[in-house]
Amino acid sequence: SMDDLLREFLTETGESLDVVDVELVRFEQEPNNTKILDNIFRLVHTIKGTCGFLGLPRLEALTHAAETLMGNFRGGNKAVTGEAVTLVLATIDRIKALLDELERNQAEPEGNDGDLIAELGDDVQHAQVARVLGQQPGHDLARGRREARLQLQRVARLRVQDLVDQRGDRLARERTNR
């Protein structure tokens with residue numbers, strides 16, 4: 001079931017974050033170490049991809065912004081300053097907090113991370129995303145949107161399960177045919 005996927009996602013992400021915690025300490029000491037940058041980038045990238053798959057828009061938006069920043073560090077387009085390191089640490093902390101909530105309630109907490117997203121990308125695009133996220137709709141509208149999203153997630157869940165089943169069947173067939 002989807003809840004198994006969610007549990008698996010939380011377990012794997014938790015383990016990856018433990019590894020990254022060690023990396024982050026090193027990142028503070030050696031901010032331009034490309035191997036550490038690569039590892040942190042990979043983690044955020046993986047979380048982002050899975051969030052899209054699991055229908056977690058809040059985490060997806062935050063990890064997308066973090067991934068973009070880490071990508072700029074890796075590409076040498078942005079200097080890894082002390083402020084940048086602090087920002088990355090703050091973002092990882094926020095990701096952990098969201099994951100804890102997700103584990104407790106099987107759902108993302110209400111709200112958005114426009115504050116961090118705006119800081120993660122000084123570029124126009126992120127500022128726009130932050131502005132859009134910051135416009136909280138009126139309560140009824142919010143509830144309507146939440147119900148619509150739940151409906152979509154239910155549909156997506158069935159579709160994901162179908163895809164997972166199909167892939168499982170295909171893999172099983174390929175093994176038999178070898």
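The values are calculated or read from the model by the stated rules, or taken from the named source; none is laboratory data. Computed from a predicted structure; not experimentally measured. As a convention, Cβ positions derive from the backbone with ideal geometry for all residues, glycine included, and neighbour counts pool all protein chains shown. Surface accessibility is based on the protein's heavy atoms, side chains included, excluding ligands, DNA and RNA. Shrake-Rupley method; radii C 1.70, N 1.55, O 1.52, S 1.80 Å.
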If I ask for residues that are farther than 17 Å from T81 by Cβ and open to solvent by less than 90 Å² (accessible area, probe 1.4 Å), which ones from the stretch 27-48 would you list? D38, N39, F41, L43, V44, H45, T46, I47, K48
Filter result for G76 (over 21 Å from A107 (Cα atoms), of a type in the set (G, A, S) and open to solvent by 50 Å² or more (accessible area, probe 1.4 Å)): yes
Residue match in the stretch 31-47 (condition: modelled with pLDDT under 85, part of a helix (DSSP H, G or I) and either over 9 Å from the mean Cα position of the chain (by Cα) or aromatic (F, W, Y) (or both)): no
Can you tell me which residue is modelled with the lowest pLDDT among those in the stretch 59-71 that are open to solvent by less than 40 Å² (accessible area, probe 1.4 Å) and out of contact with any helix residue (DSSP H, G or I) (no Cβ under 6 Å at 6 or more places or on another chain)? G71
Complete set of residues in the stretch 1-15 that are under 18 Å from A66 (Cβ atoms) and open to solvent by 50 Å² or more (accessible area, probe 1.4 Å): E12
Of the residues in the stretch 48-86, those that are aliphatic (A, V, I, L, M) and not in a helix (DSSP H, G or I) come to L56, A79, V80
Give the residue, chosen from R104, R94, R157, that is surrounded by 13 or more Cβ atoms within 10 Å (Cβ to Cβ) and at pLDDT 90 or above. R94
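Does the stretch 112-126 contain at least one residue that is surrounded by 12 or more Cβ atoms within 10 Å (Cβ to Cβ) and at pLDDT below 60?
yes
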